[in-house]
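Worksheet: one structure, shown below.
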Amino acid sequence: MKKLLLKAIIKFLSGVLAVGLFLFLPAGTWYYPNGWLFCALLFVPMLFTGIWLFLKEPDLLSKRLNSKEQESEQKWVIALSSLMFVGGFVLCGLAFRFGWSHLPVAVVAVAAIVMLAGYMLYAFVMKQNAYLSRTVEVQENQKVISTGLYGIVRHPMYTATLLLFLSMPLVLGSFYAFLLFLIYPFVLVKRIKNEEAVLEKGLQGYTAYKQKVKYKIIPFIW
């Protein structure tokens, strides 16, 4: 447990440091209100979620901390996502520094609500699926989850990340970064295609589950 706690603390602090550098360094100032709002919306729920997982679901926390992909296709997906995040955050900082984009307060407020809603959905998904790993894999004794959110869409975690990631640049006040983050839905399509192939091959009952639940991440759309 001590090793898991140390790993979680290091991951959390590394994330805080990285986001801080990618946002405030390009902004050229600590006085970046949207940046502080974003950090609060991102890291406060993350901290409490991490504490809850450590106390109640340490095995799930361990899976969520493991980001080493075995599938070669997913390594490209992770690399592209990482470039999107770094480029998007830097662009947000530069946009604030040079005044490239000014979004209305109402847009930022709605984006903040959507981001929190994404986090709440994220938490509900983790509560319903104990096999929820960050990597694409079939775990030992894994079973198909087909109830709750998984009875509506096959990948509710990706629904949550879609809400989170598309709201982030708007919270940060940058329309141009939002355009860059529109890459993410296409990244999801690639990831889900490979993930479902892996699950159909290795997880008993997944093919039948696909026939039962038609939509992947957005009800009645896709």
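Tabulated data
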item: Subset of the stretch 166-213 that is assigned to a loop (DSSP other than H, G, I, E, B) and in contact (Cβ under 8 Å) with a residue 24 or more places away in the chain - its residue that is surrounded by the fewest Cβ atoms within 10 Å (Cβ to Cβ); result: GLN204
item: Among residues of the stretch 76-135, those that are of a type in the set (S, T, N, Q) and under 17 Å from VAL187 (Cβ atoms), counted; result: 3
item: In the stretch 119-170, the residues that are at positive phi and at pLDDT 80 or above; result: GLY148
item: Residue in the stretch 51-64 that is out of contact with any His (no Cβ under 9 Å at 6 or more places or on another chain), modelled with pLDDT of 85 or more and in a helix (DSSP H, G or I) present; result: yes
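Listed here are the residues, each with its yes/no results for (1) over 17 Å from ILE78 (Cβ atoms); (2) at pLDDT below 85.
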residue	(1), (2)
GLY173	yes, no
PHE178	yes, no
PRO185	no, no
ASN194	no, yes
VAL198	no, yes
TYR206	yes, yes
TYR209	yes, no
VAL213	yes, no
LYS216	yes, no
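The values are calculated or read from the model by the stated rules, or taken from the named source; none is laboratory data. No experiment lies behind these values; they were computed from the predicted model shown. Neighbour counts are summed over all protein chains in view; Cβ atoms, including those assigned to glycine, are modelled from backbone coordinates with ideal geometry.
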